[in-house]
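Trainee: For reference, the structure I am asking about is given below.
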Amino acid sequence: MPENSRGSEEREGSQRPESFEAFARASQRRLYWTAYLLCGDPDAARDLTQTTLAKLFQYWRRASAADHIEAYARTVLTRTYLAERRRRLRDLLAHSRPDPRPTPEHADLRVTLLSALAGLPPRARAMVVLRYWEDMSVESVAELLKCSESTVKSQCSRSLTKLRTQLGEAHIYTTGS
């Protein structure tokens, strides 16, 4: 009997990384696109995705016990992004562009939108991406970012106004009018 129980322990231990691997394969693309919208840079998005997956692997027992593993992963991704932005605040201010360059007349809407998103502060950008790209409720975003619902509403409203101003006529294509 001890051999059987030992064998089941080994199988359980080997199943845990396999289930992480299955989760990582299934969700890596979704995490990457959320990271890309947050970062605006493919290399930074890959790094953020890998950092998120590394943190999830490190705490996989806790993460896999979560009711909604995708939400748990998105929380790790967002908090990692915000923590990195806080650390790099001085660098961002030192390398900020004085005025955004005008976009070419036939610019790809995605590039234009990413450029506009880059003009938002990291926390406001995270709120907009979570609220409108991830389609999360105000309550969920507030809980994830540990702030009040009114803060999420006001920041999203201000950010959308700023985005509309920056996008100019390009926002016509996003509203469908």
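The values are calculated or read from the model by the stated rules, or taken from the named source; none is laboratory data. Here the structure is a predicted model, which is why all the values come from computation and not from measurement. As a convention, Cβ positions derive from the backbone with ideal geometry for all residues, glycine included, and neighbour counts pool all protein chains shown. With ligands, DNA and RNA removed, areas are computed over all heavy atoms of the protein, side chains included. Shrake-Rupley method; radii C 1.70, N 1.55, O 1.52, S 1.80 Å.
Trainee: How many residues, within the range 58-70, are of a type outside the set (D, E, K, R) and without any contact (Cβ under 8 Å) to a residue 40 or more places away in the chain?
Mentor: Residues that pass the stated criteria total 6.
Trainee: Those residues that are in a loop (DSSP other than H, G, I, E, B) and under 15 Å from Leu82 (Cα atoms), I need them from the range 140-158; list them, please. Give the derivation first.
Mentor: To start, the set of residues in the range 140-158 that are in a loop (DSSP other than H, G, I, E, B) comprises 146-148.
If the condition is that a residue be in a loop (DSSP other than H, G, I, E, B) and under 15 Å from Leu82 (Cα atoms), then Lys146, Cys147 are the ones that fit.
Trainee: Can you find, within the range 54-101, the residue that is modelled with the lowest pLDDT among those that are touching a Leu at 6+ places or on another chain (Cβ under 7 Å) and not β-branched (Val, Ile, Thr)?
Mentor: Quick first cut of the range 54-101, residues touching a Leu at 6+ places or on another chain (Cβ under 7 Å) only: 63, 73, 75-78, 80-81.
In the following step, the residues that additionally are not β-branched (Val, Ile, Thr) were identified as 63, 73, 77, 81.
Working: Ala63: 87, Ala73: 93, Leu77: 94, Tyr81: 92.
Here the residue is Ala63.
Trainee: Count, please, the residues in the range 32-62 that happen to be open to solvent by 30 Å² or more (accessible area, probe 1.4 Å) and within 13 Å of Arg79 (Cα to Cα).
Mentor: So the answer is 2.
Trainee: Of all residues being of a type in the set (A, V, I, L, M, F, W, C) and free of Cβ contacts under 8 Å to residues at least 12 places away in the same chain in the range 137-150, which is surrounded by the fewest Cβ atoms within 10 Å (Cβ to Cβ)? Just the residue, please. Steps first, answer last, please.
Mentor: Our first condition is that a residue be of a type in the set (A, V, I, L, M, F, W, C); within the range 137-150, this holds for 138, 141-142, 144-145, 147.
Right, trim to free of Cβ contacts under 8 Å to residues at least 12 places away in the same chain and you get 142, 147.
Numbers: Ala142: 18, Cys147: 14.
Only one residue fits best here, namely Cys147.
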